[in-house]
Amino acid sequence: MDSTPSGSSATRSARVFLLPMFLLLIPSLVLSDAVQFCDAGYGYGDFACQNSPVSLPRILLRGGTVVNAHHMEMADVYIQDGIIVAVKPNIVVDDDVTVIDATGKFVMPGGIDPHAHLAMDFMGTQTIDDFFSGQAAALAGGTTMHMDFVLPINGNLSAGFEAYKEKAKISCMDYGFHMAVTKWDDEVSHDMEVMVKENGINSFKFFLAYKGSFMVSDELFLEGLKKCKSLGALAMVHAENGDAIVEGQKRMIELGITGPEGHPLSRPPVLEGEATARAIRLAGFVNTPLYVVHVMSSDAMEEIAKARKSGQKVIGEVVSAGLALDDTKVWDPDFITAAKFVMSPPVRAPGHDKALQGALSTGILQLVATDHCTFNSTQKAFGIDDFRKIPNGVNGLEERMHVVWDTMVESGKISVTDFVRVTSTECAKIFNIYPKKGAILAGSDADVIILDPKASVKITAATHHSRSDTNVYDGRTGKGKILVTIAGGRIVWQNGELKVTPGTGKYIKMQPFGYAFEGIDRKDAEYLKSLGAPVKRSRALS
């Protein structure tokens with residue numbers, strides 16, 4: 001963002017990740033890890049390594065407009081020990097309390113991004129942002145929790161979970177996990193139970209794309225849907241027709257189309273719409289809720305709209321790239337410029353973005369994620385001669401809140417309370433962590449942002465906090481600036497300065513049977529009653 005120090009991405013990465021930084025505020029939760037990473041040179045800001053825990057500061061946010069998903073009010077917010085203690089007007093505090101003037105500003109729950117991939121091994125490389133750099137960028141942009149996708153190791157869920165626990169040790173904000181399922185056997189079925197009952201995972205993702213790696217068959221998908229239903233876990237789906245995509249890729253190569261434009265041409269909206277319709281119908285057949293990730297086309301959105309209108313439990317997630325971008329840059333003659341926009345499903349032709357904005361504003365789509373999955377220009381160049389080898393993914397953790405505000409609120413498409421709902425509260429409710437997260441209420445975690453609706457923001461690759469050297473929103477300007485971010489009761493972003501410590505983020509366990517499961521038992525009973533079977537017949541033969 002424009003309020004951070006300027007300089008090249010490479011220089012900034014070296015400054016951030018190689019110089020010895022020090023800790024100032026160390027919650028007691030992971031002191032040993034924090035000191036370990038401090039010694040290793042991780043951190044942002046002027047911190048002093050401590051040998052003993054320091055208590056969290058007491059903070060008063062004074063005079064702002066407090067915004068929750070259900071209402072707005074003029075009130076002060078008092079924070080102590082990482083928890084919101086009081087929300088009311090004219091709170092009186094001692095002199096040793098840190099007071100931040102929020103007059104004329106909005107005080108909101110920190111954003112929750114339900115969809116990101118940090119330190120993810122994919123397409124022969126690993127995403128450039130790990131759990132520290134990606135989360136640090138998120139905090140600078142007003143997001144205070146993210147949910148990542150654990151990938152199994154050779155299909156083994158438990159091994160994947162242990163690997164991601166290690167990756168997440170450098171976290172600087174709270175996080176949760178979804179789990180991908182890429183094969184089916186008794187061990188996977190058993191491990192799904194362990195993930196839900198012991199490890200705090202309440203959602204499982206199934207890929208209908210990426211043939212030869214993540215893609216599952218309809219048979220496996222059905223088994224997964226049934227298991228999710230029995231566990232009260234939410235089934236998530238990446239909905240594109242993987243078989244047809246392979247055919248589309250062959251077609252492009254045969255036509256001599258090897259550049260980045262071959263990516264969207266090989267996986268058109270109709271393939272996203274078909275897979276979305278199929279996933280919805282299979283989930284309806286099992287009668288279990290379905291969460292469709294990164295809806296990128298009007299084709300997929302219309303399938304969700306029809307299902308929801310019929311009463312089916314379908315949740316639609318849109319990502320900031322789908323709302324704010326179109327595919328025109330994929331035809332740029334400069335390879336790196338074009339390749340940085342390659343993601344799956346692809347950014348679509350102009351018109352799809354407007355349709356998705358309309359769907360979000362009317363409730364057809366429920367929340368906004370990022371699918372933050374960053375690769376630098378060197379990694380993207382793996383596919384310079386073959387678009388099939390370009391690592392798929394774009395940035396968004398730092399930019400999402402600003403992009404949604406400018407695209408949706410500033411334009412009048414949604415209200416300020418709706419903004420809180422689609423960027424924070426709805427996610428917390430879907431994944432069963434509300435009101436611990438996603439609310440400015442007494443007793444909620446002190447994950448809070450202050451947003452100035454009048455201030456302008458400019459996004460650039462030179463000033464963002466991601467380790468990537470490119471940014472799909474580079475040069476974009478708009479209104480709605482995050483002035484302050486408080487995560488877990490710590491002031492981590494203020495005056496354009498980021499102060500974060502690796503090892504201070506907490507893993508948030510998420511319980512099963514969220515609100516999407518309400519009414520499932522009743523619908524099962526109605527189904528059984530409607531069968532009129534089995535029919536009693538005489539066994540006597542005439």
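The values are calculated or read from the model by the stated rules, or taken from the named source; none is laboratory data. Keep in mind the model is a prediction, meaning the values are calculated, not measured. Please note: Cβ atoms are built from the backbone with ideal geometry, for glycine as well, and neighbour counts cover all protein chains shown. Only protein heavy atoms, including side chains, enter the accessible area calculation; ligands, DNA and RNA are left aside. Shrake-Rupley method; radii C 1.70, N 1.55, O 1.52, S 1.80 Å.
Annotations
- Shape call, the range 207-267: gyration tensor on alpha carbons, a/c limit 1.5: prolate
- Distant alpha-carbon pairs in the range 248-398 (separation over 28 angstrom), percent: 22
- Computed over the chain, the quotient of the alpha carbon radius of gyration and 2.2 N^0.38 Å is 0.97.
- Each Lys and Arg Cβ is given +1 and each Asp and Glu Cβ -1; about its Cα centre, the chain then shows a dipole of about 1280 debye.
- In the range 185-332, a dipole from Cβ-located charges (positive for Lys and Arg, negative for Asp and Glu) runs towards its positive end, and of P289, S203, G322 it is P289 whose Cα lies farthest in that direction.
- Measure of compaction for the range 75-207 (Cα Rg per 2.2 N^0.38 Å): 1.37
- Entry comment: accessible area of the chain is 38 Å² per residue, from protein heavy atoms only and a probe of 1.4 Å.
- As a calculated quantity, the FRET efficiency between N90 and Q494 at R0 = 22 Å, using C-beta atoms, amounts to about 0.40.
- Under the Karplus curve 6.51 cos²θ - 1.76 cosθ + 1.60, θ = phi - 60°, whole-Hz ³J(HN,Hα) for the range 105-114, x wherever Gly or Pro sits: 10, 9, 9, 9, x, x, x, 10, 9, x
- Extreme residue, positive dipole direction of the chain, given options M252, I280, V472 (C-beta unit charges): I280
- Value at 222 nm in deg cm²/dmol, rounded to 500, when DSSP H runs of n ≥ 4 in the chain each add -39,500 (n - 2.57): -8500 deg cm²/dmol
- Between 0 and 90 degrees, the angle of helix 242-254 with respect to the longest Cα principal axis of the chain falls at about 80 degrees.
- Counted residue by residue at 0.36 nm each, then reduced by the alpha carbon distance between them, the extension gain from E193 to I253 reaches 17.3 nm.
- For T362 and A525, a Förster radius of 35 Å and the Cβ-Cβ distance give a FRET efficiency of 0.65, rounded to the nearest 0.05.
- Taking the chain and dividing mean pair separation by its residue count, relative contact order in percent (alpha carbons under 8 Å, at least six apart): 22
- Neighbours of A102, meaning other residues whose beta-carbon lies under 12 angstrom from its beta-carbon, give a summed charge of -1 when Lys and Arg score +1 and Asp and Glu score -1.
- If you take all other residues with their beta carbon under 14 Å from the beta carbon of M192, and give Lys and Arg +1 and Asp and Glu -1, the sum is -1.
- Pair F382, A533: separation of 7 Å Cα→Cβ label points (nm): 4.8
- A Cα-only calculation for the range 376-421 places Rg and Dmax at 16.6, 47 Å.
- The slack between V270 and E219, meaning 0.36 nm per residue of separation minus the straight C-alpha distance, is 16.1 nm.
- Accessible-area composition of the chain, carbon plus sulfur, in percent [1.4 Å probe]: 52
- Computed P(r) (all Cα pairs; the range 322-382; 5 Å bins; percent): 4, 17, 23, 24, 15, 9, 6, 2, 0
- Evaluated at q = 0.19 Å⁻¹, the base-10 log of the normalised Debye intensity for the range 167-284, with identical point scatterers placed on the Cα atoms, takes the values -0.98.
- The stretch between N154 and F285, if pulled fully straight at 0.36 nm per residue, gains 44.2 nm over its current Cα-Cα span.
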